[in-house]
Amino acid sequence: MIRAAIVGLGWWGQNLVNSVRGSGAIRFTTAHTRNRANAAGFCAEAGLRWVDSLDAVLNDNDIDAVVFATPHTQHPEQVIRAADAGKHVFVEKPFSLSLADASRARQAADTAGTVLAVGFNRRFHPSMHLLRQAVISGRLGTLVTISAEQTALHGITMAPDAWRVSATEAPAGAMTAIGVHLVDGMIDLFGPIRQVYAEVARRAAPLADDTTDVLLRFDNGASGHIFCSTAAAPHYRMAVYGTKGFAEVLGHQMTLFRLVPAADGGVHGAGEAEVTETAGFNMLNAELEAFAASIAAKRPFPTPLDQIVHGVAVFEAVAASAARGAPVTVG
C-alpha cells in the first residue's frame, strides 16, 4: 500500500482523494493546503491528518508519495523539492508552463530515481485505448488529420479571487484548464507536433479569456485542430481521420468509441460502424493506481516523460502564437 499526501485540497484535490477511497493500492494519509479552515471538514471526513507546511510532508518517513493539486506556477519547484526529499511525485496537469522549468523538474526526478507522474487521466480510459489501437494497428490507413474538442462552463462562474482567473496561472485562454488534455492525447496518437497557430477569445466568461482554437502540423505530416472552451456546454470529442477509416471518442466521460471503415471500392461510402460503450469508468482511480503500481514495481509511469515535456513545449508555442498572431515552431 502506497501512503500518499495530498497538497492542495480545492475541488480537484478532493476529487483525487475521493477517487481512491477503498483502494488496495494507494491511500491518502496526510494533507497540506494553504487554508486549514477551508480543508478541516473534508480532512476530518476523509481521515486525513492536516500539516501546516510542505516541509512537514517531505520530512515524514511514513509518506511514500506526494500528489500536488496546486496552482500551475508552483508545480516545478514543488516537484523539485519533493524529488530532492526522495518522494515519488504525482502532479496535476499542466506539468509546467515553460519548457525550461519542465526540464529542470524532470531532471530532479531522474537524479533522485523517483517516479514522476503527470495527471493526464484521459489516457487511461478504455475508449482512448481503443482509439490508440485503431491508429497503431493501421486500421485507419494513412493518418490525415486529428480533430479534438473539449468544453466546460466553469469559466463563467469563477470568482474574482480564484487563482485560475489569473493570466499568469492560466495563459492562452482555455489551454491550461482543458486544452493541454487535447494536446497530450494528440501527441499520444500522432507523435511530435512541429508547428502551431493559435487564437484566443473571450466569448462569455466575465473575468478571463475562455476560448482557444489551435491549428497544428505534426512531424509525420498530418494536420490537427483543437477547440477548447471554459464557456461552452460540456462535451468531449477526439476524432482521427485516415485513408481507410474514421474513429472517434465521444462524450464528457468518454463513454462512446466509434470506428467507421471506408467502404470497399467506394470513394464516398462508409462501412458499418463499430461502436463500443464504456460507462462509469473512473479515470482518476485508474491513473492513481497506475502511479502506485509504478512505485511498487520500481518502473516509470506509463505516460512517457518525453511526451509530457514535449507537451509543455507545445503549450509554450501555443501561448506565443496567440500573443503574436502568427504560427510558431515548437521548441
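Some values worked out for this structure:
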read-out	value
Percent of beta bridges antiparallel (DSSP, the chain, rounded to nearest 5)	60 percent
Accessible surface of the chain [probe 1.4 Å, protein heavy atoms]: carbon and sulfur percent	51 percent
Rounded to 10°, Cα long-axis angle of helix 99-112 versus longest principal axis of the chain	60 degrees
Rounded to 10°, Cα long-axis angle of helix 126-136 versus longest principal axis of the chain	50 degrees
Spin-label model distance (nm) - GLN195 vs HIS225, 7 Å beyond Cα toward Cβ	1.8 nm
The stretch 224-234 - phi-based ³J(HN,Hα) in whole Hz, Karplus 6.51/-1.76/1.60, Gly and Pro as x	x, 9, 10, 10, 9, 8, 9, 9, 9, 3, x
Proximal lysines relative to LYS298, as straight alpha-carbon distance under 20 Å, when same-chain residues fewer than 8 apart are discounted	LYS87
In Hz, Karplus ³J(HN,Hα) per residue of the stretch 40-48 (6.51, -1.76, 1.60; θ = phi - 60°; x = Gly, Pro)	4, x, 5, 4, 4, 5, 8, x, 9
Span from the the stretch 51-97 Cα centroid across to the the stretch 164-234 one, whole angstrom	26 Å
Extension gain (nm, one decimal) between THR142 and SER53, 0.36 nm per residue minus Cα-Cα	26.8 nm
The stretch 19-114, accessible area per residue, ligands and nucleic acids excluded (1.4 Å, Å²)	43 Å²
Accessible area expressed per residue, the stretch 119-165, with surrounding protein chains retained (probe 1.4 Å, Å²)	44 Å²
Volume in Å³ per residue [convex hull over Cα atoms, computed for the stretch 92-197]	155 Å³
For the stretch 123-150 versus the stretch 300-331, the gap between their alpha-carbon centres in whole angstrom	20 Å
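The values are calculated or read from the model by the stated rules, or taken from the named source; none is laboratory data. Quantities reported herein were computed from a predicted structural model and do not represent experimental measurements. Cβ atoms come from the backbone with ideal geometry, glycine included; neighbour counts cover every protein chain shown. Each accessible area value is taken on the protein alone, full model and side chains, heavy atoms only, with ligands, DNA and RNA left out. Shrake-Rupley method; radii C 1.70, N 1.55, O 1.52, S 1.80 Å.
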